[in-house]
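Below: one structure, written as structure tokens.
The values are calculated or read from the model by the stated rules, or taken from the named source; none is laboratory data. Just so it is clear, the model here is predicted, and its values are computed rather than measured. So basically every Cβ, Gly included, is an ideal-geometry build from the backbone, and we count neighbours across all protein chains shown.
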Amino acid sequence: MGTVVEAANKEAPGSALAQKNPKIVFVLGGPGSGKGTQCAKIVEHFGYTHLSAGDLLRAETKSGSENGTMIQNMINDGKIVPSEVTIKLLERAILENENDKFLIDGFPRNEENRAAFEAVTNVEPEFVLFFDCPEEEMEKRLLGRNQGREDDNIDTIRKRFKVFLESSLPVIEYYDSKGKVRKIDAAKPAEEVFETVKALFTPVSDKAAA
Ligand code: UDP
Ligand code: MG
């Protein structure tokens with residue numbers, strides 16, 4: 001588990017990802033804020049490829065790789081998996097895909113994730129979508145959905161909320177200070193939320209024409 005500096009020495013600035021130079025939008029928000037639901041709609045309407053960091057990690061636990069058990073334990077405890085593991089999975093998924101527009105959902109989750117991604121790839125997001133939703137509503141959604149996820153139990157949900165407040169919100173604040181955050185009221189029904197999202201992805205020229 002290397003430091004940011006070690007990771008940076010391994011790649012960047014001419015990393016494979018920097019050469020591909022994809023357009024990246026980070027999609028952030030608490031657990032149950034609707035990131036996955038809205039990403040599916042953005043894919044349908046705007047031709048992005050959706051990469052959920054959580055889904056990539058869950059797939060890795062099933063692949064029987066050496067990190068599988070470690071990842072599984074961290075997810076079940078609501079903890080953030082070491083950056084280099086997640087970044088490798090994201091990089092691979094981006095490079096394997098012909099598309100050049102990606103929604104990265106659920107990453108970066110802490111300042112270390114963010115700094116390591118920038119250091120390793122030398123790629124910055126175009127902007128950051130932030131789904132802002134009250135904890136009460138997110139809890140209701142997580143307990144109500146049944147996706148067979150082991151971490152959708154009340155104990156782990158509480159841990160995930162705590163990690164979000166303590167570790168993930170600072171990432172959103174960082175990008176906000178750079179003017180990159182597009183904050184969305186995510187407490188409404190999915191269709192209504194998407195109306196707001198849609199406006200953010202529609203080029204200004206198309207809006208004028210419509
Ligand atoms: N996770 C992680 N790093 C990431 C993304 C996810 O460590 O970059 C782990 C973390 O344990 C998290 C879990 O995967 O609680 C589920 O993440 P996901 O984004 O799928 O779900 P969410 O909590 O946003 O509903
Ligand atoms: Mg998700």
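Quick notes on this one:
- A single entry from 33, 83 fulfils the requirement of being of a type in the set (S, T, N, Q) and either touching a strand residue (DSSP E or B) at 6+ places or on another chain (Cβ under 6 Å) or at pLDDT below 95 (or both): 33.
- Residue in segment 46-65 that is part of a helix (DSSP H, G or I), more than 17 Å from the chain's Cα centre (by Cα) and closer than 26 Å to residue 202 by Cβ present: yes
- Segment 60-72: number of residues that are in contact (Cβ under 8 Å) with a residue 12 or more places away in the chain and closer than 20 Å to residue 152 by Cβ: 3
- Identification of helices (runs of 4 or more DSSP H) wholly contained in segment 143-210 with 3 or more residues that are surrounded by 10 or more Cβ atoms within 10 Å (Cβ to Cβ) and in contact (Cβ under 8 Å) with a residue 40 or more places away in the chain yields 154-163, 169-177, 190-201.
- Inter-residue pairs, beta-carbon under 9 Å, first within 11 Å of ligand 1 (Cβ to nearest atom) and in segment 28-44, second among the basic types (Lys, Arg) and modelled with pLDDT under 95, 6+ apart: 32/145
- Extreme residue, nearest to residue 157 (Cα to Cα), among residues of segment 73-110 that are more than 10 Å from ligand 1 (Cβ to nearest atom) and assigned to a helix (DSSP H, G or I): 84
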